[in-house]
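Read the structure below first, then the notes.
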Amino acid sequence: MKLYGYGPTRAARCLWLLRELELPFEYVVVDLSQGQHRQPEFLAINPYGRVPVFEEGSLRIRESVAICLYLADRHADKGLIPAPGSPNRAVHDQHLLFTVAELDAPLWRQRLHRMMYPDARRIPAEQHNARLDFQAAAQLIQGELGAGPFLLGEPFCVADIVLAHTLFWAGWTGLLDGFDGLQAYLERCVARPACPSFLRG
């Protein structure tokens, strides 16, 4: 198995899960700061020029959540995802998809309009709207945490990895201010030994 990634990008979700599963794998750093993701060698692996990319034999997957679901299902004996078709799996997947659609998406939108788009394409109102969208979704997920310690209570699961990584980025931009429950949840998640160290700072 081989994982292409870089720092705290969405590849960190896959790196974290592989460590939780205690699987042997090769980690290939694609240095985004040096433009390695735009080089022909990497574009041949992922035409989108993004990380992560996961390879196992002839299989190649380039979306972080798809990688995590594949690995967790394939190694279901590790207990990081409920059984397909079970009520717990339905709740797990609901949390997972909510995180991607309602929390991760506005964070990405805000980042695009704050620093990634050329100046001519940046819309200040979109930054503001994205912040409001994130905060509304964060309020909802915070209320659903329950007694914890994790999304499904126990055990820790794939949805926790994706949510914790998303909250890491939100905290980095100041969007977790006032969300004490989410901050405490994030601290519990990143305290796990398998969590990449760069998500703890």
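The values are calculated or read from the model by the stated rules, or taken from the named source; none is laboratory data. Remember, predicted model here, so these are calculated numbers, not experimental data. Cβ: placed from backbone, ideal geometry, glycine included. Neighbour counts: every protein chain shown. Surface accessibility is based on the protein's heavy atoms, side chains included, excluding ligands, DNA and RNA. Shrake-Rupley method; radii C 1.70, N 1.55, O 1.52, S 1.80 Å.
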Practice task
Looking only at the range 31-42, decide whether some residue is at pLDDT below 95, assigned to a helix (DSSP H, G or I), open to solvent by 40 Å² or more (accessible area, probe 1.4 Å) and among the polar types (S, T, N, Q).
Solution key: yes
Exercise for the section: Answer with yes or no whether V51 is assigned to a loop (DSSP other than H, G, I, E, B) and either more than 19 Å from P155 (Cβ to Cβ) or open to solvent by 60 Å² or more (accessible area, probe 1.4 Å) (or both). Expected result: yes
Practice task
For R192, indicate whether it is assigned to a loop (DSSP other than H, G, I, E, B) and under 26 Å from Y27 (Cα atoms).
Solution key: yes
Fill in the blank from the handout: The correct count of residues that are touching a Cys at 6+ places or on another chain (Cβ under 9 Å) and open to solvent by 30 Å² or more (accessible area, probe 1.4 Å) in the range 145-173 is 1
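Only one of L186, L107, L176 is among the aliphatic types (A, V, I, L, M), under 19 Å from T9 (Cα atoms), without any contact (Cβ under 8 Å) to a residue 24 or more places away in the chain and surrounded by 14 or more Cβ atoms within 10 Å (Cβ to Cβ). Can you tell me which? Before the answer, list the steps.
Details: L107 fails: without any contact (Cβ under 8 Å) to a residue 24 or more places away in the chain; L176 fails: without any contact (Cβ under 8 Å) to a residue 24 or more places away in the chain.
Going through L186, L107, L176 in turn, just one is among the aliphatic types (A, V, I, L, M), under 19 Å from T9 (Cα atoms), without any contact (Cβ under 8 Å) to a residue 24 or more places away in the chain and surrounded by 14 or more Cβ atoms within 10 Å (Cβ to Cβ): L186.
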Problem - Condition broken by D77, with the remaining ones in (1) buried (at least 19 other Cβ atoms within 10 Å of the Cβ); (2) among the charged types (D, E, K, R); (3) more than 30 Å from R131 (Cβ to Cβ) satisfied - result: (1)
